[in-house]
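First comes the structure, then the notes that go with it.
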Amino acid sequence: MEETVSQGKPINKEQEETLKSKPSILAAIDELEKLRQPLSAAVADETQLALERHTPTQNPPTPETLDKQADDDHTDIYRRKMANCLRRFGRLGLISKAKNGKRELYSTTSVFPASDNTGSTKSINLFTAVNQALHIALDSDPRSYVFGEDVGFGGVFRCTTGLADQFGKQRVFNTPLCEQGIVGFAIGLAAMIVNEAAKFRYRSGNQFNCGGLTIRAPYGAVGHGGHYHSQSPEAFFCHVPGIKVVIPRSPRQAKGLLLSCIRDPNPVVFFEPKWLYRLAVEEVPENDYMLPLSEAEVIREGSDITLVGWGAQLSIMAEACVEAEKDGISCELIDLRTLIPWDKETVEASVKKTGRLLISHEAPVTGGFGAEISASIVERCFLRLEAPVARVCGLDTPFPLVFEPFYMPTKNKILDAIKATVSY
């Protein structure tokens with residue numbers, strides 16, 4: 001017996017009579033069914049291709065393999081959207097420089113010089129640097145595990161590709177689609193971030209901790225993430241005593257900082273800028289190395305104004321510094337790197353020299369971590385300030401989709417704020 005179905009549920013006789021009395025509705029249903037059948041077949045084909053693509057291999061992936069898999073995993077539509085967004089934002093992650101009347105592009109390596117000597121290097125992007133760090137962590141410490149949503153076959157951003165093949169499914173495995181369960185299980189191995197992980201050491205009188213818990217999470221604008229997948233929630237976690245919050249700006253920083261986070265006895269939330277997973281490319285040491293936590297880095301020295309930021313926003317701020325220099329304004333640019341506990345001394349020393357401070361981040365301006373930096377610097381440097389502290393941040397709205405260019409703290413917004421602060 002055939003059964004008419006609407007949204008997966010049988011309809012009664014009265015509903016069927018109503019439908020028969022309205023031929024236009026029946027015709028629409030027939031058209032939808034014609035569309036649904038080929039779409040279902042296409043989805044099945046794509047699913048099969050995805051399963052074949054993620055079939056485990058015997059050897060750990062090389063950076064070249066990771067790059068190829070990443071390209072395969074992104075559709076032409078995605079690439080077109082990303083290209084449009086890059087043009088709109090002035091090629092985030094790459095700096096445009098004029099030379100001999102021509103515009104040239106160079107990687108963030110040129111803007112952010114290496115500060116450590118760790119042997120041979122190779123040019124890779126950020127997600128490959130994260131992948132290398134995870135390989136090193138699992139290889140050097142048999143007590144380490146990697147688990148989460150889709151990490152068994154490489155993850156959405158391909159950061160865990162090859163880990164399960166090399167270290168086994170007992171140490172690298174998928175979890176249900178439940179963030180609370182993932183973190184709770186992590187603390188059980190080493191429960192939630194705020195009520196458990198952050199308080200383990202305190203409530204035990206320093207007798208035990210979470211065993212080196214590091215929570216990796218993508219964050220920030222990506223050009224098409226909209227309300228949910230472009231948010232910057234770092235300020236939420238900065239309000240919780242007992243955890244550390246770290247955000248890298250480039251592949252070299254990501255690898256060194258991630259290894260430091262994994263080996264730190266405190267629970268750490270490690271935010272990875274989505275924009276930079278594939279766009280940021282620089283020379284990264286191939287061997288094991290760590291970068292210090294809670295230590296900001298002055299990546300551009302100046303005398304007129306101090307700029308403080310973190311993550312993907314650093315490349316935007318660097319562009320603004322270059323433009324400001326054309327108008328005779330010398331900017332000092334600082335990458336905070338660790339937000340909690342943050343390096344107040346480095347920022348304070350810079351502000352006492354320049355007399356001015358500008359903070360920029362993608363998160364909404366109200367309650368953002370920039371407000372904490374501003375308050376602390378006003379307390380420490382009040383008599384040395386030549387102008388009010390400026391903040392160039394996201395708007396106090398849900399993250400928009402089509403209006404993302406208006407929401408973002410762009411180069412021109414930062415440049416206007418620099419000029420206004422210096423001329424105050």
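The values are calculated or read from the model by the stated rules, or taken from the named source; none is laboratory data. Quantities reported herein were computed from a predicted structural model and do not represent experimental measurements. Cβ coordinates were reconstructed from backbone atoms using ideal geometry, including for glycine residues, and neighbour counts include every protein chain displayed. Side chains are part of the model used for accessible areas, which takes the heavy atoms of the whole protein and leaves out ligands, DNA and RNA. Shrake-Rupley method; radii C 1.70, N 1.55, O 1.52, S 1.80 Å.
Quickly run through region 359-387 and pick out the residues that are part of a strand (DSSP E or B) and of a type in the set (Val, Ile, Thr).
ILE359, the sole residue that qualifies.
Please give the helices (runs of 4 or more DSSP H) falling wholly within region 194-309 in which 3 or more residues are open to solvent by 40 Å² or more (accessible area, probe 1.4 Å) and more than 30 Å from PRO405 (Cα to Cα).
Per the criteria, 200-203.
Pairs needed: first member in region 379-406, under 17 Å from GLY220 (Cβ atoms); second member anywhere, assigned to a helix (DSSP H, G or I) and of a type in the set (Val, Ile, Thr); C-beta distance under 6 Å; at least 6 residues apart or different chains.
Every condition considered, the pairs that remain are VAL392/ILE414.
I need the full set of residues from region 319-348 which are farther than 26 Å from CYS261 by Cα and part of a helix (DSSP H, G or I), in order please.
Those that are farther than 26 Å from CYS261 by Cα and part of a helix (DSSP H, G or I): GLU319, ALA320, CYS321, VAL322, GLU323, ALA324, GLU325, LYS326.
Go through region 179-221 residue by residue and tally those that are in contact with a Lys or Arg (Cβ under 6 Å, 6 or more places away or on another chain) and at pLDDT 80 or above.
Residues meeting the conditions: 2.
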